[in-house]
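Heads up: the structure comes next, in structure tokens.
What follows is calculated from the coordinates using simple rules that are stated; it is not laboratory data. From a predicted model like this one, the values you see are computed outputs, not experimental measurements. Glycine gets a Cβ as well: all are built from the backbone with ideal geometry, and neighbour counts include every protein chain shown.
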Amino acid sequence: MESRINKFFLEDVIFLFLLFLLYIIGDLNSNNLGKFLILIAIFSTLQLIYRYKKQDYLVIFFIFSILYWIYLVPYYYFGIPYHYLLEFQTIEYTNIIVLLQVSMLRIMFFAIVPGKMKIPREMFSYRNNIVIYYSIIILLTTMVPITLALHPPNLSGNYSLETKSSIWFEYVIIFIIIAGVYSNSKFKQILLISISIIYMMMPLLYGKRLAFLMVVLTIFNLFFAGKFKLKQILFLVLIGFIFIRVFAGLRVGMENMNVLQFLLGVTDEGVMSNNQGGVIVCSTTYYGLIEENIFDIIFRLKSLIGTISGIFIPSSLNLKEAYINIVAMDVSTIPGNGGFPSIYLYIWGGFIGVLFGGGTFNYLIRKSIYSRITAIYFIFVLATFPRWYAYNMFILFKMGFWLMFLLAVADTFHKYSKKVNT
């Protein structure tokens, strides 16, 4: 076993050392360095997929992450802009963002032995408490017509950035997870899955793909993780990719879609228009604003404090710096609402922040092998990565806190109700 640990430790050290050398001695303004770097990023992720090929829930995460590197290949090798916003879309900034994100991923899984990994859902027994379970089922069922009434969807088929939906579509994940933990029978699991399917479909009425994906991943990690082989996961991901791309085309009214438009979102103007390019250009914009000292040390400190305080207070009372995307839109133009987690960590703490953040993820993954509470939180992390990996890490703090709080309330009620019944 010791030799296996050394093997994985050595693999990660080699990758991190190579990335460090590229940053120290490489010409970050060089497109040739970028071509080499993006190949390292792709190979690094493929190597992690192979390492954890028996952990299907991790394979899904890595496939999601590798798409961002694949979408950068046309930029580095064919000069196709990955977004129409060009102000901060430079070779230097793009290279740095790739370096930061690949480094964070290697640190996240640094020396974690795949043979010691356990499926998070197997780290706890599904508990039996009909009051907790059916209270949540009633809540989930009742909120369907209420949500549709309060936020009527636009059924015309046209999508715009003004399309509004309910934040409930994301916060519902908290209640699905807690109900899942208390689904101790096949009937309860099937009932919860059936209601969750409704919550998978509802966000699509508003053109919201992330909420759809997160509910799908929640159900997968609660009940199905560990049951699929690598080939099956690759097939399911391919089907999912085709669905998402078709949905993306339909919601913006694209007609006569060609291969480049379908696969990469390349427009008639010769630039890419897709989620991946938007996330990367947001990341380079944030980095550029740091370099221009618009995001100065005071802003960065306030952003960190506001992110923590935002767990407990409404956004209207919180520090505006906590919402980096909103501040960024006041001084620049960005799509969507955020970038890679590594750029947020860099804003809050520079390279040390990236190291600390990656190390915290690493600790969480290791701890989930032994702790019921950590395993449940890890399920939440695995369910919400389309949000925190590609938009904003705030979900890990605020929603994660309320998940743990409400789970503690449910567990306490369960504990004392058992005492009363004995």
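Observations
- Dipole moment magnitude, nearest 20 debye, region 35-124 about Cα centre, only Lys, Arg, Asp, Glu C-beta charged: 520 debye
- When peptides 305-317, 367-379, 59-71, 398-410 are ranked by their average number of other Cβ atoms within 10 Å per residue, the highest-first order is 59-71, 367-379, 398-410, 305-317.
- Spin-label proximity, residue 404 to region 294-334 - amide N less than 20 Å from point 7 Å beyond Cα toward beta carbon: 304-314
- Placing unit charges on each Cβ (+1 for Lys and Arg, -1 for Asp and Glu) gives the chain a dipole about its Cα centre, and among 346, 34, 214 the Cα reaching farthest toward its positive end belongs to 214.
- Residue list for region 133-149, given a label point 7 angstrom along the Cα-to-Cβ vector of residue 418 and an amide N cut-off under 20 Å: 133-136
- Residue-averaged 222 nm ellipticity for the chain, from DSSP H runs of 4+ at -39500 (n - 2.57), nearest 500: -22500 deg cm²/dmol
- The HN-Hα couplings worked out from phi for region 90-97 by the Karplus form 6.51 cos²θ - 1.76 cosθ + 1.60 (θ = phi - 60°) are 9, 4, 4, 5, 5, 4, 5, 4 Hz, whole numbers, x standing for Gly and Pro.
- Exposure proxy order (Cβ contacts within 10 Å, fewest to most) of 116, 188: 116, 188
- Folded to 0 to 90 degrees: helix 275-291 orientation relative to the chain principal axis, Cα: 70 degrees
- Counting only Cβ charges, +1 for Lys and Arg and -1 for Asp and Glu, the dipole size of the chain around its Cα centre is about 2200 debye.
- Along the axis of the charge dipole computed for the chain (Cβ charges of +1 for Lys and Arg, -1 for Asp and Glu, origin at the Cα centre), the listed residues 148, 182, 232 are led at the positive end by 182.
- Residue-count net charge about residue 320 - beta-carbon cut-off 10 Å; Lys, Arg +1, Asp, Glu -1: -1
- Answer label, with semi-axes √(5λ) of the Cα gyration tensor in Å calculated from the coordinates and candidates [x] 37, 25, 20; [y] 73, 24, 18; [z] 34, 26, 22: [z]
- Once you reduce region 400-421 and region 302-331 to the center of their Cα atoms, the two points are 31 Å from each other.
- Cβ-based charge dipole, the chain, positive-most Cα from 299, 394, 276: 394
- Arranged from fewest to most other beta-carbon atoms within 10 Å of their beta carbon, 83, 151 become 151, 83.
- Couplings for region 171-186, taken from phi via the Karplus curve 6.51 cos²θ - 1.76 cosθ + 1.60 with θ = phi - 60°, read 5, 4, 4, 4, 6, 5, 5, 5, 4, x, 5, 9, 9, 8, 9, 4 Hz in order; Gly and Pro are left as x.
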